[in-house]
1. Can you list the HN-Hα couplings for segment 15-28, worked out from phi with the Karplus curve (6.51, -1.76, 1.60; θ = phi - 60°), rounded to whole Hz and with x for Gly and Pro?
2. Could you work out the relative contact order of segment 59-208? I mean the mean sequence separation of Cα pairs under 8 Å and 6+ apart, divided by the number of residues, in percent.
3. With the alpha-carbon atoms as the only input, what is the per residue convex hull volume for the chain in Å³?
4. What's the center-to-center distance, using Cα atoms, between segment 60-97 and segment 156-190 in Å?
5. Quick check: net charge around Leu61, other residues with Cβ under 14 Å of its Cβ, Lys/Arg +1 and Asp/Glu -1?
6. Please give me the summed charge of the neighbours of Lys48: other residues whose Cβ is under 14 Å from its Cβ, Lys and Arg +1, Asp and Glu -1.
7. Using label points projected 7 Å from each Cα along Cα→Cβ, tell me how many nm separate Arg100 and Asn30, to one decimal.
8. Under 10 Å from the Cβ of Glu99, count the other residues' Cβ atoms, weight Lys and Arg +1, Asp and Glu -1, and hand me the total.
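The values are calculated or read from the model by the stated rules, or taken from the named source; none is laboratory data. Because the structure is a prediction, the values reported are computed rather than measured. Note that each Cβ is placed from the backbone with ideal geometry, even for glycine, and that neighbours are counted across all protein chains shown. When the accessible area is computed, the model is the full protein with side chains, heavy atoms only, and any ligands, DNA or RNA have been set aside. Shrake-Rupley method; radii C 1.70, N 1.55, O 1.52, S 1.80 Å.
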Amino acid sequence: MAEAGARPWARSDEKHRAIVRAAREVFLSNGYLGTNMDLIASRSGVSKQTVYTHFGSKEALFVEIVGSMTGTAGDRVHHDRPELGDDADLEAYLRAFAERQLRIVTEPELLQLRRLVIGEVGRFPELAKVLYERGPQRAIAELTAMFEPLRARELLAGDPAAMAEWFNWLVMAAPLNRAMMLGDSAVPADDDLRRHVAEAVRIFLTAFAP
């Protein structure tokens with residue numbers, strides 16, 4: 001009986017995931033104004049009423065897409081981050097982290113999401129708040145937590161929150177802005193990305209090494 005009772009919940013979760021997948025594709029390709037619930041329902045293989053049952057409105061579904069995509073990207077950057085060993089190379093450690101962060105944040109789908117949110121800020125200011133909280137704000141908080149023990153070990157010197165701000169934007173600002181404004185073709189190739197990260201980390205350590 002327990003198995004049979006679980007099936008409606010499983011089906012509901014499956015529909016929820018299908019709606020989110022379809023909505024992400026439609027919003028990113030058509031923009032907010034070019035998206036309608038009929039198309040999302042058709043792409044996800046459910047009725048329009050089912051879409052409304054799960055999300056209530058197109059606006060709520062859009063907020064869900066923004067939150068889930070930025071949250072997932074943040075998880076990929078920050079989860080399973082290795083600790084710096086006693087004999088490890090701090091510069092190499094920071095470079096490896098920054099390269100992963102920059103590669104994830106400049107993926108085409110995430111760039112398109114950022115452009116889409118920026119275009120809709122006037123209509124839905126809460127979207128920018130979600131993007132900021134789950135993107136840069138979370139990154140800086142995670143970096144602050146990463147730098148606190150490094151300062152305690154006297155590998156870095158300074159305020160961890162200030163170090164986090166500088167590190168994040170030294171790594172992210174130039175390549176992210178170029179890709180946002182010039183399109184996916186401006187996303188740095190691997191060699192360029194590694195060179196940029198190496199220089200960003202060098203500047204960071206010049207400022208914050210003990």
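1. 5, 4, 5, 5, 5, 4, 4, 5, 4, 4, 4, 6, 4, 5
2. Values: 118 pairs, mean separation 42.6, N = 150.
Once normalised by length, the contact order is 28 percent.
3. Values: hull volume 32.6 nm³, N = 210.
It comes to 155 Å³ per residue, whole-number rounded.
4. The two parts, judged by their Cα centres, are 14 Å apart.
5. Working: positive: Lys15, Arg17, Arg21, Arg24, Arg43, Lys48, Lys58; negative: Glu25, Asp38, Glu59, Glu64, Glu120, Glu126.
Overall, the nearby charge balance is +1.
6. On the way: positive: Lys15, Arg43, Lys58; negative: Asp38.
Result for the neighbourhood of Lys48: +2.
7. Modelled inter-label distance: 3.7 nm.
8. Details: positive: Arg95, Arg100, Arg103, Arg194; negative: Asp190.
Residues near Glu99 contribute +3 overall.
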